[in-house]
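Novice: Take a look at this one; I'll ask things after.
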Amino acid sequence: MAARLYSAAQVRELDRRAIEDHGIPGYTLMQRAARAAWTAARYRWPNARSVAVFCGPGNNGGDGYVVAGLARADGFAVQVFECDDADRRGDARLARQDWLTVGAVTRWSAGTTTLPAVDLLVDALYGTGLTRAPVGDAADAIAAVNAAHRAGSGVLALDIPSGLVADTGAIPGPVVEADLTVSFIAAKLGLHTACGPAVCGEVLLDDLAVPASVHDGLTPIATLTDHADLQRALPTRNRSGHKGTHGHVLLVGGDHGMAGAILLAARAALRSGAGLVTVATRAAHAVALTAAQPDVMFRSVESIAELQPLLQQADVIAVGPGLGLGDWSRRLFDAVLASERPKVVDADALNLLATSPQRRDDWVLTPHPGEAGRLLGIDTRAVQGDRVAAITALQARYGGAVVLKGAGSLIRGTALRLCPFGNPGMGVGGMGDVLTGVTAAIIAQGRLAGLGLEAAAAAAVMAHALAGDRVARDGERGLIASDVVEALRAVVNP
């Protein structure tokens, strides 16, 4: 269940089915949610003894009242705050009434209410239905929660941090910065991409013991990639395999002053298991690059005539790292697109593609949000505001498989997948060049087994992210692309 990612509307439908079709009272689900969240909180903060709960007007607030009751029953000092005067309805009203039999409620008022020092803060202000920026007293309360968090208090978010958009991971205004988010019934896509990973902290899912059949006929928006995707793409090698069966990758790029990008891509392709790696680059770079990595065949290419035989020999072509945007770059780019070999298109090649868009099914495009914006004719903020819409539009316009890089990288072909691995340390120059090499190598190795571009792209993103996480064990700050290259070998032998 945790691998399936749903929209807020879909989760509401799952909730409805559990209540109406399976006869589980809504208040029972609310109690189960609160119990799951409180159990996780006790495990995460075993020494906590005081808690403040912020309850909103809806069912998310209802969960909060029940959590407050559980905390009080466990001997905690509990304070409950409300940021509005709205009448609670249904199960939320019942939960509030139950809390008032054992505790009190304090009305939060911006500028006048002070948040006392507590060990744990519980965010139950807004659930998955919020798509606008919190304002007024709620915005002030969120600011107070975040200030207390920075001062050392733990923060638990119920279902979703208030202010985060469940469908997109966007944050249109103030948002709670949680250490732990306990989500209910089904996983929400926005918790795992865009700003979601930055504000959710650790994400746990509890299905509230609803029958699995509530999911019947409801197709998730996306699925999370996992280690099985990597194992399927990179099975144990045949004992009679050789460099020819492991695939020949051709990398095209490395204009003047940008030899490092194509070298990183080549090294990544080698470490990801390609049998042969050839680089078509500037004549001025070929000798020095050969000395730097003698395992790669570096070829001086100043004309299309010199490139053509290399295109014909390769199983997969990757174009873009250090390619540049000049006449040489454009001529090589056009020659690559004329080839019938499968392709990986990244970096400057994507910028060239943006100037003359075309659609085809034999490539993997790997843009970061800025490049995605240029390909779509929109700004980066619009891409990040709805990454699912952006990658869907990219795939519809350009075809093939598309990887939208970033926190919670997305992969789209016939379906949408999300990679939950990777870390902020990977936000450095050259990291995209490494992914280009990994992707080309996995396509090359899978060609004889019929591995599709979409599956290869998903496996490549997974391998790249896992390698980044391995080297981040020593710290994220100071991590460089070459570190990830060196970690790939352990990852691509699952």
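Novice: Under 8 Å for C-alpha pairs, at least 6 residues apart: give me the relative contact order for the chain, rounded to a whole percent.
Specialist: Averaging sequence separation for qualifying contacts and normalising by length gives 13 percent for the chain.
Novice: If I require 20 Å or longer along the helix axis, counting alpha carbons, and a Kyte-Doolittle average no lower than -1.0, what helices from the chain are left? Use full DSSP H segments.
Specialist: 26-44, 59-73, 136-150, 431-446, 453-471
Novice: Given a cut-off of under 8 Å on Cα pairs at least six residues apart, what relative contact order in percent is computed for region 277-421?
Specialist: 15 percent
Novice: If the reach is capped at under 22 angstrom between alpha carbons, list the lysines near residue 243, excluding any in the same chain fewer than eight residues apart.
Specialist: Residue 243 reaches 343.
Novice: Another question, then. Specify the inter-centroid distance of region 102-179 and region 248-291, based on alpha-carbon positions, in whole Å.
Specialist: 49 Å
Novice: From the Cα trace of region 52-125, what convex hull volume per residue do you get, rounded to a whole Å³?
Specialist: 77 Å³
Novice: Next up: Compute, for residue 343, the solvent-accessible surface of its heavy atoms (probe 1.4 Å) with the complete set of protein chains present, and express it in square angstrom to the nearest 10.
Specialist: 0 Å²
Novice: Moving to a separate point now. Could you compute the FRET efficiency for residue 50 and residue 20, with r as their C-beta to C-beta distance and R0 at 45 Å, rounded to 0.05?
Specialist: Given R0 = 45 Å and the Cβ-Cβ separation, E is 0.70.
Novice: Same structure, new question: So with the 1.4 Å probe, I'd like the accessible area per residue for the chain, rounded to whole Å². Let's see the in-between values first.
Specialist: Values: 19540 Å² over 494 residues.
It amounts to 40 Å² per residue over the chain.
Novice: Once the convex hull of the C-alpha atoms of region 276-430 is built, how many Å³ does it hold per residue, rounded to a whole number?
Specialist: 129 Å³
Novice: In square nanometres and to one decimal, what's the mean projected area of the convex hull around the Cα atoms of region 385-494?
Specialist: Here the figure is 7.2 nm², rounded to one decimal.
Novice: Mind listing the Cα extents of region 7-84 along all three principal axes, in Å, largest one first?
Specialist: Per principal axis, max minus min of the Cα coordinates gives 40, 29, 22 Å.
Novice: Something else: Whenever you get a sec, compute what percent of the accessible area on region 337-463 sits on carbon and sulfur atoms (1.4 Å probe). Walk me through the numbers before you get to the answer.
Specialist: On the way: 2230 of 4190 Å².
Carbon with sulfur: 53 percent of the solvent-accessible area.
Novice: Let me ask you something else. Mind ordering 237-250, 134-147 by average Cβ neighbours within 10 Å, highest first?
Specialist: 134-147, 237-250
Novice: Once Rh is set to the Kirkwood radius over Cα pairs, what Stokes-Einstein translational diffusion coefficient, in µm²/s, holds for region 102-234 at a temperature of 25 °C and a viscosity of 0.890 mPa s?
Specialist: Estimated via Stokes-Einstein, D reaches 150 µm²/s.
Novice: Related question: Rounded to the nearest 500, what is the chain's calculated 222 nm mean residue ellipticity when only DSSP H runs of at least 4 contribute -39500 (n - 2.57) each, over all residues?
Specialist: Mean residue ellipticity, 222 nm, calculated: -13000 deg cm²/dmol.
Novice: At a Förster radius of 35 Å, what calculated FRET efficiency corresponds to the Cβ-Cβ distance of residue 13 and residue 359, to the nearest 0.05?
Specialist: 0.55
Novice: Then there is this: Can you sort 96, 360, 89 by solvent-accessible area, 1.4 Å probe, largest first?
Specialist: 89, 96, 360
Novice: Ok, one more. Over all pairs of distinct alpha carbons, what does the Kirkwood formula give as the hydrodynamic radius of region 288-330, in Å?
Specialist: Computed over Cα pairs of region 288-330, the Kirkwood hydrodynamic radius comes out at 12.0 Å.
Novice: Let me ask something else. Between region 191-211 and region 10-70, what is the C-alpha centre distance in whole Å?
Specialist: Their Cα centres are 14 Å away from one another.
Novice: What order, most packed first, do the peptides 371-377, 487-493 have when packing is the mean number of other Cβ atoms within 10 Å of each residue?
Specialist: Highest-to-lowest ranking by the protection proxy: 371-377, 487-493.
Novice: With viscosity set to 1.002 mPa s at 20 °C, what whole-number translational diffusion coefficient in µm²/s follows for region 219-356 from Stokes-Einstein and a Kirkwood radius over Cα pairs?
Specialist: Approximately 135 µm²/s, per Stokes-Einstein.
Novice: Once you charge only the Cβ atoms, +1 for Lys and Arg and -1 for Asp and Glu, what is the size of the charge dipole of region 184-340 about its Cα centre, to the nearest 20 debye?
Specialist: I would put it at about 540 debye.
Novice: Once you compute Rg and the Kirkwood Rh from C-alpha atoms, what is the Rg to Rh ratio for the chain?
Specialist: 1.06
The values are calculated or read from the model by the stated rules, or taken from the named source; none is laboratory data. Being a predicted model, the structure only gives us computed values, none of them experimental. FYI the Cβ positions are ideal-geometry reconstructions off the backbone, even for glycines, and counts take in every protein chain you see. Heads up: the accessible areas ignore ligands, DNA and RNA and are worked out on the full protein's heavy atoms, side chains in. Shrake-Rupley method; radii C 1.70, N 1.55, O 1.52, S 1.80 Å.
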